[in-house]
Ligand SMILES: Cc1cc2nc3c(=O)[nH]c(=O)nc-3n(C[C@H](O)[C@H](O)[C@H](O)COP(=O)(O)OP(=O)(O)OC[C@H]3O[C@@H](n4cnc5c(N)ncnc54)[C@H](O)[C@@H]3O)c2cc1C
């Protein structure tokens, strides 16, 4: 099979899905390719899920511009699609004199990034805001607009929107060879060849390898492992805000944050490794987090741990995103979207559209675009189907709870399985519904959930 498209986007994470969505708003044939069987199964599924204001980005970088624009675009898109967001705000806490002295500079940096709502507060105000913080905080910087969001729903909404706008989603297509012709490029994949006039490389951890297939050796991706601990919902009362450390050159550091699902998370670590598939947690990583947690919030360590997980940042040897078109090969690299891509994805897509227009691509907006999809709510702070009497009266499946820890109903499992991009396995179903994500991690409901999935797959 050899199908031809105007544009093929490689990588169905948040960044690639946002790009496919953006481009398919125009008179173009677009395909979104991924090596995996589902969208959002790479770094985009395992991050800290904070919608960043960009207050601490390096001013003047592309990343700074993309994060601050992305914050607004994603906030607005979330309101339209129902992606859950809680505007909890954050406090950056100084634990020693050096960190305290750094706060004015951080506030100035925020201003240079166009964010003017940070305020320096004293220790008493820090403890007022987060009473369970460990002893020894000397002061803090408030960042009132940092927010928590559901990264899974973001990725799924963007990919669903792209498909509704006509994008062909080609999963299980790992690109392992490229032939650049005069007016088309053939991508060789393990599921056959795909031709494109333009190719956009949004392959995250695999972006440098793909870049090499286009004859480049301009950067190397080093997976930067981030391990996290998720605490039980009973811990949620301890943490109403995102508690950040003073950032270092290695990144944003270990934070304590509420999650959109009503839990609390502690993490992430930051460790450069070689293995791009090493997404297991490690004893050293967890020990490191527990040590940090003991100082940050000792009471948190008395709470039960629900889960641990690991994400890999696509760090590169360059202090900024690399978004670079190559008009001669009709190829565009979107690389090094390291630790802010959840927030920045929609802005990167907008930027890519601009670069492609500058490179001569005809971009005629399509008339009669479908409305963005309305996504199921996974947020604990908003009404879920099991709480919605009117909905249950209309369809009793929303009253039939299957996963008691997360209160996920048979109706939600059915809807996910019948959606535009249905899950291909239990992990995908978890990301679409929260099923099996609670205290028992599927011990009680796992068999039933698998049976539901099997039945739905058989009936497709
Ligand atoms: C621990 C951690 C915490 C983070 N916290 C935050 C946060 O709080 N806020 C924030 O904004 N960002 C955060 N990030 C960053 C954010 O998660 C990433 O920047 C973002 O998910 C990157 O998305 P992506 O689409 O570029 O990559 P991915 O989601 O990894 O998608 C790339 C896709 O490309 C596919 N692919 C690769 N090679 C090939 C190939 N050869 N052929 C076909 N397909 C291929 C992969 O299968 C994958 O699905 C965090 C990251 C980590 C790891």
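Every number in this text was worked out from the coordinates using simple rules, so none of it is lab data. Everything quoted here is computed from the prediction, not taken from an experiment. Because the Cβ atoms are built from the backbone with ideal geometry, glycine has one as well, and the counts that use them run over all protein chains shown.
So what does log10 I(q)/I(0) come out to for the chain at q = 0.08 Å⁻¹, using the Debye formula with one equal point on every Cα and no solvent? The Debye formula, applied to the Cα set alone, gives -0.46.
Roughly what % of Cα-Cα distances in segment 385-458 sit above 20 Å, to the whole percent?
Values: 638 of 2701 pairs.
In whole percent, the long-distance tail amounts to 24.
When you count the other C-beta atoms within 10 angstrom of each residue and take the mean per peptide, 140-146, 154-160 line up highest first as 154-160, 140-146.
Using alpha-carbon positions, what is the distance between the centroids of segment 185-223 and segment 11-65, in Å? Between the Cα centre of segment 185-223 and that of segment 11-65, the gap is 16 Å. Ranked for footprinting exposure by Cβ neighbours inside 10 Å, fewest first, 214, 443 give 443, 214.
Look at the alpha carbon pairs under 8 Å that are at least 6 residues apart: their mean separation over the length of the chain gives a relative contact order of 21 percent.
Taking the Cβ of each residue in 80, 430, 165 as the centre, tally the other Cβ atoms inside 10 Å and list the residues starting with the fewest.
Working: 80 14, 430 22, 165 19.
Listed from fewest to most nearby Cβ atoms, that is 80, 165, 430.
Got a sec? How would 275, 232 order by Cβ neighbour count within 10 Å, fewest to most? Working shown, then result.
On the way: 275 10, 232 17.
Lowest to highest Cβ neighbour count: 275, 232.
Put the Cα centre of segment 436-460 next to the Cα centre of segment 106-169 and the gap is 33 Å. Just so you know, the Cα atoms of segment 100-234 work out to an Rg and Dmax of 23.3, 67 Å.
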